[in-house]
Each structure stands twice: as structure tokens, then as C-alpha cells.
Amino acid sequence: MAAPLVLASRSPQRRAILDQLDIEFTVSEPEVEEEHRGEPRQVVVENALRKARAAAGAQGEGRILAVDTEVVLDGRVFGKAEDASAAELMLRRLSGRTHEVWSGIALLSGAGEERTSSALTRVRFRRLEEPDLAWYVASGEWRERAGAYAIQGRGAALVEAIEGDFWNVVGLPVAELTRLAPDLLRQPGRDPAP
């Protein structure tokens, strides 16, 4: 039987995706300093590794899954908006443009093996007018979101098109996760879905 999975994340979206896939897991919420400078792929993989290593130190046995997702425009990692003004500024910059959503995945085994991967999705926003910005910022949905929006919520109204894995934009690139760890979907002893 595979070692139990520990999700090193505070993200309710990542938890919901794993639940949807019927993957058993527990949660650890490591506190780590995240990097936001540098080449986007390296930034997200390094942040995911930091989270996984911090959780591994606290957990001991089991496999640790950590993910970092960032919005990137013109090579710049956006991070999360600190307040409503910063959220509005981010959304203005994304308006009418295509940006990248990068996720880094780190999977640590109980034996100390570290496996990493990354995923890229391109997202094009429609041109946002003042009422659009006011409506979305007032919703508060931008809080704790890379790039100040949530595509799976009201933020869907901001998006014109995507190219790549939708779940990557939500916060957990399912296609890349299943490539990195296909056995997660084949856990023995699970009840089949009705």
C-alpha cells in the first residue's frame, strides 16, 4: 500500500481537487517564505519544494505533496494582492491581455526522494471596464489568490480564453500531478464511486 499523502497547503481549492479525484490525504500548513523573483518556472518549483520540505520536517512518514501557483505577466511574477488597491492594479494590468499561470509541484517520499514538475497555462482576460473592476474587487474573491482572481468563482467572468490545464489555474495541475504520481489515482482499499 502506498504511503499516506500529506498535502502541504492552506488552499481550499487544492483540497477540493484532491477530494474530487477521490484521493485520500491529510493536510499540513507549513509556514515558509515564498520567493517571487526570478525565472517563473524555477520560482514555483523552488516554492513548492520549500513547502514540501517544511511539511516533511513536521510530518515524518508519508508522501508530501506541495504546489505553488503564480500568475506571470511580461516575465514578472505577480504574487497575491495585499489589499483591494493592489488587487485592482493587478486586474488592470491583466485586462485585455494574455498572462501565464505557472505551477510547481513537489512530491517527497518518506525515503527522502524529491520529485518535481511544473505546468504552464495561458489565460486571456477580456478588456475590463470600470464597473467590472469595481464589481470584482468588491466581491473580495481576490484575497489570497495569485494574480488577484479565482477562475473557478466569479473570476470566470473576467476570462475570455485559456490554453492548457484549467485545474492549473485553479491551483493544482491535475494532468501533471497524474503524470508525476499516477498511483495516486489507484489507491487500494477505496470504495468505488456509485
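Summary of computed values
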{"quantity": "Subset of the range 1-43 that is in a loop (DSSP other than H, G, I, E, B) and hydrophobic (A, V, I, L, M, F, W, C) - its residue that is modelled with the lowest pLDDT", "calculated": "M1"}
{"quantity": "Any hit, the range 75-93, residues being hydrophobic (A, V, I, L, M, F, W, C), in contact (Cβ under 8 Å) with a residue 60 or more places away in the chain, within 26 Å of E160 (Cβ to Cβ) and touching a strand residue (DSSP E or B) at 6+ places or on another chain (Cβ under 6 Å)", "calculated": "yes"}
{"quantity": "Matching residues, the range 1-13, being closer than 17 Å to A56 by Cβ and either under 13 Å from the mean Cα position of the chain (by Cα) or surrounded by 13 or more Cβ atoms within 10 Å (Cβ to Cβ) (or both)", "calculated": "A2, P4, L5, V6, L7, A8, S9, R10"}
{"quantity": "Residue satisfying condition, being at positive phi, among the charged types (D, E, K, R) and surrounded by fewer than 18 Cβ atoms within 10 Å (Cβ to Cβ), within set E129, E144", "calculated": "E144"}
{"quantity": "Flag if V77 is under 15 Å from S118 (Cβ atoms) and touching a Pro at 6+ places or on another chain (Cβ under 9 Å)", "calculated": "yes"}
{"quantity": "Scan of the range 85-112 for residues that are exposed (fewer than 15 other Cβ atoms within 10 Å of the Cβ) and part of a strand (DSSP E or B), ordered by number", "calculated": "T98"}
{"quantity": "Residue identified as touching an Asp or Glu at 6+ places or on another chain (Cβ under 9 Å) and surrounded by fewer than 19 Cβ atoms within 10 Å (Cβ to Cβ) among E39, E29, E34", "calculated": "E34"}
{"quantity": "Pairs, first more than 18 Å from L172 (Cα to Cα) in the range 136-162, second aliphatic (A, V, I, L, M) and surrounded by fewer than 16 Cβ atoms within 10 Å (Cβ to Cβ), C-beta under 7 Å, six or more apart", "calculated": "V137/A84"}
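The values are calculated or read from the model by the stated rules, or taken from the named source; none is laboratory data. This is a predicted model, so every value here is computed, not measured. Please note: Cβ atoms are built from the backbone with ideal geometry, for glycine as well, and neighbour counts cover all protein chains shown.
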